[in-house]
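Note sheet for the following structure.
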Amino acid sequence: MDIKSLNKSLILCGLTTVAAMASDLSAEQIENCCDWNPCCFDYGLNPPPTCPTACGCTWFGEIEYLYWKPHVENAHAAEVITADYIDFSPSVNTRTISKSEMKDFNYEWDSGFRVGLGIGLPCDKWGISLKWSHYNTDSTFSSKGFSTSQQQDILVDVKMPFPSFINSQAFVILGSALQMGSVDSHWDFQFNQVDLDLFRNYYVGCSLSIKPYVGLRALFLKNTVDSFALYEGLTNTQDPDQFTKISADQHLRSDFKSVGLRAGAESFYELMCGLGVYGNIGASILYSCYELEHKALVTFVEDGGSTLTNNHESPYCFETLRLMTDLSLGIEWRETINCNQSMVFVKAGWEHHLIVEGSQFQTLNSALSTSLFPPTSSINDGDISLYGFVFSVGISF
């Protein structure tokens with residue numbers, strides 16, 4: 001027998017032995033699930049952590065508690081202008097020091113939840129999962145301002161808040177010399193997400209598993225800002241009895257509806273006694289539809305009774321693509337039950353979700369309007385981040 005014939009015989013013998021081992025393994029799995037131990041097999045077999053039974057389907061469910069904190073870029077609560085030595089007279093040798101500072105909402109931690117159901121298809125380790133995530137939070141912001149006059153036509157120690165998304169110069173022009181003012185803002189955020197994934201588990205020995213997935217994502221966001229500002233000032237600095245009141249009532253709404261493709265991979269590595277670390281990385285491309293609305297009612301009332309009212313609305317709708325990323329890392333404990341045919345698991349970890357340019361609001365460039373010169377609007381965009389802790393419990397059977 002030559003060398004080539006000997007090699008062919010050895011290869012054929014090896015393949016036959018592996019096939020026989022696989023056949024005996026399947027029969028042994030069904031009869032002795034109580035003794036199932038995936039670490040007893042060779043790495044090439046890649047056995048699952050639970051004992052497969054007669055190629056049946058695997059069902060699983062999971063409930064997760066979300067404790068997240070949000071952050072929305074360019075969705076400011078107010079703009080605070082601080083200045084020293086403002087001179088309205090045409091005199092010379094004056095020096096004004098001013099600062100404009102944007103104030104964000106006081107974002108706080110809030111609760112949400114996620115529920116998931118899935119099925120593992122027989123024999124081939126493919127599976128389908130459906131998850132729904134819900135999160136709702138809000139925040140408030142309040143600020144009061146003042147200005148004091150040291151002498152005629154000169155203001156010092158000015159610190160005045162103005163509502164965001166409206167050009168603050170309009171209030172300064174209308175009020176001439178604002179003496180006191182306040183801004184109260186409220187932000188509300190609703191997040192609903194549905195993921196439908198197709199996945200496959202790859203068991204690399206008995207400690208490491210990798211689960212790539214592809215699927216569909218539907219995302220629905222409601223982002224609203226309501227603010228009210230009130231000011232008192234002087235229309236005539238020569239007559240201290242001529243007071244002016246200015247109020248601004250503003251409502252902004254940004255509805256975001258999207259659907260698209262997503263892909264990523266999850267992994268789990270067991271350290272000891274069912275305890276290990278898990279991680280997930282994923283990204284989505286979302287076809288998104290925005291419905292924006294900006295309503296602003298600015299009222300100027302003089303002491304004599306004359307009133308100037310500017311009521312402005314700016315509806316706007318558009319469609320675009322958005323990118324969303326998902327990251328998670330944590331610890332997980334697994335334990336087989338029901339004669340090694342089912343498994344319970346508990347997770348605790350950290351998540352971070354980023355929607356690139358997910359925040360879209362309109363800025364009113366002027367609060368003054370006439371029939372010939374209506375106010376104009378521009379888009380103010382920014383990223384939306386959701387990050388925080390997640391605690392979950394689940395079962396597969």
> What does the charge count near SER133 come to, summing +1 for each Lys or Arg and -1 for each Asp or Glu among other residues with Cβ under 11 Å from its Cβ?
Replying inline: -1
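What net charge is computed for the residues neighbouring TYR316, neighbours being all others with C-beta under 9 Å from the C-beta of TYR316, Lys and Arg scored +1, Asp and Glu -1?
Details: positive: none; negative: GLU291, GLU293.
Cβ neighbours under 9 Å give a net charge of -2.
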>> Could you work out how much longer the chain between LYS103 and LYS245 gets when fully extended? Use 0.36 nm per residue separation minus the Cα distance between them, nm to one decimal.
In response: 48.7 nm
> Across the stretch 197-209, in residue order, what do the Karplus-derived ³J(HN,Hα) couplings come to in whole Hz, using 6.51 cos²θ - 1.76 cosθ + 1.60 with θ = phi - 60° and x for Gly and Pro?
Replying inline: 10, 10, 9, 9, 8, 10, 9, 9, x, 9, 10, 10, 10
> Given H placed on each backbone N at 1.01 Å, which residues far from CYS51 in sequence or on other chains put an amide H within less than 5 Å of it?
Replying inline: GLN341
> So what are the ³J(HN,Hα) numbers for the stretch 282-298, from phi and the Karplus equation (6.51, -1.76, 1.60; θ = phi - 60°), rounded to whole Hz, Gly and Pro as x?
Replying inline: x, 8, 9, 10, 10, 7, 10, 10, 9, 10, 9, 8, 10, 10, 9, 10, 10
> Based on the Cβ-Cβ distance from ASP188 to CYS34, what FRET efficiency comes out when R0 is 45 Å, to the nearest 0.05?
Replying inline: 0.25
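To the nearest 0.05, what FRET efficiency results for THR96 and VAL259 with a Förster distance of 45 Å applied to their C-beta separation? Let's see the in-between values first.
Working: r = 52 Å, r/R0 = 1.16.
The value I calculate is 0.30.
Once fully extended, how much extra length lies between TYR202 and THR325, figured as 0.36 nm per residue of separation less the alpha-carbon to alpha-carbon distance? Don't jump to the answer; show the numbers that get you there.
Working: separation 123, 0.36 × 123 = 44.28 nm, distance 2.32 nm.
Result for the pair: 42.0 nm of gain on full extension.
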>> With θ taken as phi - 60° and the coefficients 6.51, -1.76 and 1.60, list the Karplus ³J(HN,Hα) couplings across the stretch 259-265 in order, rounded to whole Hz; mark glycine and proline as x.
In response: 8, x, 9, 9, 7, x, 8
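Below 13 angstrom from the Cβ of LEU117, what's the summed charge of the other residues (Lys, Arg +1; Asp, Glu -1)?
Working: positive: ARG114, LYS131; negative: GLU62, GLU64, ASP195, ASP197.
Computed value for this residue: -2.
Taken together, the values in this text are just the output of simple stated rules run on the coordinates, not laboratory data. Predicted model only: the values in this text are computed from it and were never measured. No Cβ is skipped: glycine too gets one built from the backbone with ideal geometry, and neighbour counts run over all protein chains shown.
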